[in-house]
Every structure is written in C-alpha cells, then in structure tokens.
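> First, the structure itself, so that you have it in front of you.
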Amino acid sequence: MERARSNRRACNAQTAIAWIDGLRLTMRKQNRLKPLNFRSNYELVRGYGEELAVASAATVDDCGLITLRTVEDPRGSLTIAEGEQDIPFSIRRVYYLYDVPQGGARGGHAHRNLHQVLVAVTGGFDVVLDDGAVRRRLRLQDPRTALHILPGVWREMDRFTENAVCVVLASELYEASDYLRDYQEFLVWRRS
Ligand code: TYD
C-alpha cells in the first residue's frame, strides 16, 4: 500500500491529471515530441495491478484515459504507443476488432490479471466499465486517446460506427483461464 501511495505521488509530480467522462486523463506536461520518462506512471499502475489483482479491488476510477503522443505534419498524422513509455505496461499482444455489425456488442467479460489499452483508431464505439459497484459508459472515437482497463474491471463495447476499428494492446498472451465471462460469477469473484 505504501508503495502505491509513493508511486501515486511520483506520478502526480510528472503528469497532469484531468477528467473526461469521469475518467482520469493523463497528459504529458513536457514537450510531446521529446522522449519522456513515463516510468513513475508505469510503476503506479503496476503497483495497483499487483495489489488490486490479489484483492479483486481495481475500480472503474482506476481506469484512465491516456493522451498518446502524436506527430502531425503535412503528410498526415502519426500516433505512438510504446510499452512502458506511453502505455503503462509491457505490451505482449495486439489484436483488433473490426467489421462489427450494426447493433453488435463485444467484450462482456473481465480479466483476473490482464491489463488492456483500447484505442478507436478509426470510427468510434462505447465502452461500459463495471467494477461490481460502479458502472460507467464512455465513448472512444479519437485515435490519440487510449483507455487503460485494469484487471478485475468488467467491460462491454457497443454502439460501433460502421468503420470502427478497435485496437487492443494487452499485457499478456491470450489465456482463456484469465477470463471471467459470467457476470454473476464476476460479482462473486469481486466480493471474494
Ligand atoms: P472474445 O474474447 O469473445 O472477444 P471480445 O471479448 O473482444 O469480444 O474472443 C473471440 C474469440 O477469439 C474467442 O474464441 C477467443 C479468441 N481469441 C484468441 O484466440 N486470442 C486472442 O488474443 C483473443 C482476444 C481472442
């Protein structure tokens, strides 16, 4: 607990925190094109992940939006997501969702240990986050804005635009046993 607290102080010293749709938005204070040390923020989240995964206690409020570095020039825009730099974990897997039919939904599960970051690289969709006590809906529709979902938080995605592409950066390889797919079981697990 003490480590998480000191990490939180370190994070606040380096980053500006704002709130959008009730979610934490972490922005770099320094020049966005400089290589930046995001280590304190990574440690903050890793500290939470270790403690909260054991306690099944990560909350919706622990999930946050990250503004990714973007380089814009006359040739177009380029957005960067480096593991342990822009993204608060080491990226072990990438997958993407697309061609989601109108009215379709994805997700509908939580993970015991996995950290994920979602980005709407094209189009948009809603994400519902649920920690068993608080349920919150937000919309992702900007390729520069990433959503970090911690282990233990239930997520559902819906209201996809026709062209939506959701890129998912994950902290671990695919592991079926890491999933909680039944909402009632999820609630029991949360309270265990
Ligand atoms: P699923 O978890 O239902 O997708 P989502 O939660 O994003 O809507 O996954 C659909 C199928 O794909 C399921 O059979 C598991 C498989 N899958 C993999 O084999 N590897 C992966 O990395 C992922 C994410 C899914």
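> Tell me, please, whether a residue that is in contact with a Ser or Thr (Cβ under 6 Å, 6 or more places away or on another chain) and exposed (fewer than 14 other Cβ atoms within 10 Å of the Cβ) can be found in the range 127-140.
We begin by selecting, within the range 127-140, every residue in contact with a Ser or Thr (Cβ under 6 Å, 6 or more places away or on another chain); these are 131.
Narrowing further to those that are exposed (fewer than 14 other Cβ atoms within 10 Å of the Cβ): none.
No: the range 127-140 contains no residue that is in contact with a Ser or Thr (Cβ under 6 Å, 6 or more places away or on another chain) and exposed (fewer than 14 other Cβ atoms within 10 Å of the Cβ).
> Working only within the range 84-118, note down all residues that are assigned to a loop (DSSP other than H, G, I, E, B) and within 12 Å of the ligand (Cβ to nearest atom).
Kept after step one, since they are assigned to a loop (DSSP other than H, G, I, E, B), are these residues of the range 84-118: 84-86, 88-92, 98-105, 112-115.
Selection gives Arg92, Tyr98, Val100, Gly104, Ala105, Leu114.
> For a quick check of your reading of the model, give me the residue pairs whose first member lies in the range 152-164 and is over 13 Å from Thr59 (Cβ atoms) and small (Gly, Ala, Ser), whose second is within 13 Å of the ligand (Cβ to nearest atom) and outside any loop (DSSP other than H, G, I, E, B), with beta-carbon atoms closer than 9 Å and at least 6 apart or on different chains.
Note: pairs meeting the criteria are Ala164/Leu97; Ala164/Phe125.
> Residues of the range 60-83 being touching a strand residue (DSSP E or B) at 6+ places or on another chain (Cβ under 7 Å) and in a loop (DSSP other than H, G, I, E, B), which ones?
Of the range 60-83, the ones touching a strand residue (DSSP E or B) at 6+ places or on another chain (Cβ under 7 Å) are 60, 63-71, 77-81.
Those that are touching a strand residue (DSSP E or B) at 6+ places or on another chain (Cβ under 7 Å) and in a loop (DSSP other than H, G, I, E, B): Cys63, Leu68, Ala81.
> Kindly list the number of the only condition in (1) crowded, with 17+ Cβ neighbours inside 10 Å; (2) of a type in the set (Lys, Arg); (3) farther than 20 Å from Gly103 by Cα that fails for Arg191.
Tallying (1) crowded, with 17+ Cβ neighbours inside 10 Å; (2) of a type in the set (Lys, Arg); (3) farther than 20 Å from Gly103 by Cα, Arg191 fails exactly one: (1).
> Among residues belonging to the range 55-83 that are of a type outside the set (A, V, I, L, M) and within 13 Å of the chain's Cα centre (by Cα), point out the one that is farthest from Val119 (Cα to Cα). I'd like the intermediate steps shown before the answer.
Here is the first cut: in the range 55-83, the residues of a type outside the set (A, V, I, L, M) are 56, 59, 61-64, 67, 69-70, 72-77, 79, 82-83.
Keeping just the survivors that are within 13 Å of the chain's Cα centre (by Cα) gives 59, 61-64, 67, 83.
Numbers: Thr59: 20, Asp61: 18, Asp62: 17, Cys63: 14, Gly64: 12, Thr67: 10, Gly83: 14 Å.
Restricting to residues being of a type outside the set (A, V, I, L, M) and within 13 Å of the chain's Cα centre (by Cα), the top hit is Thr59.
> Let me ask something else. Pick from the range 170-190 the residues that are away from the ligand (no atom under 11 Å from the Cβ) and assigned to a loop (DSSP other than H, G, I, E, B): which of them is modelled with the highest pLDDT? Let's see the steps before the verdict.
We begin by selecting, within the range 170-190, every residue away from the ligand (no atom under 11 Å from the Cβ); these are 171, 177, 180, 182-190.
Keeping just the survivors that are assigned to a loop (DSSP other than H, G, I, E, B) gives 171, 182.
Values: Ser171: 95, Asp182: 98.
Among those residues, the one meeting the criterion is Asp182.
> What is the number of the single condition among (1) in contact with a helix residue (DSSP H, G or I) (Cβ under 8 Å, 6 or more places away or on another chain); (2) under 25 Å from Arg191 (Cα atoms); (3) more than 16 Å from the ligand (Cβ to nearest atom) that Gly152 does not meet?
Answer for Gly152: the failing condition is (3).
> Let me ask another. Within the range 165-179, which residues are surrounded by 17 or more Cβ atoms within 10 Å (Cβ to Cβ) and over 23 Å from Leu65 (Cα atoms)?
Scanning the range 165-179 gives no hits.
> Can you pull out every residue in the range 121-148 that is among the hydrophobic types (A, V, I, L, M, F, W, C) and part of a strand (DSSP E or B)? Let's see the steps before the verdict.
Going through the range 121-148, the residues among the hydrophobic types (A, V, I, L, M, F, W, C) turn out to be 121, 125, 127-129, 133-134, 138, 140, 146-147.
Val121, Phe125, Val127, Val128, Leu129, Leu138, Leu140, Ala146, Leu147, listed by residue number.
The values are calculated or read from the model by the stated rules, or taken from the named source; none is laboratory data. Worth saying up front: this structure is predicted, and the values here are computed from it rather than measured. Positions of Cβ are backbone-derived with ideal geometry, glycine not excepted, and every protein chain shown enters the neighbour counts.
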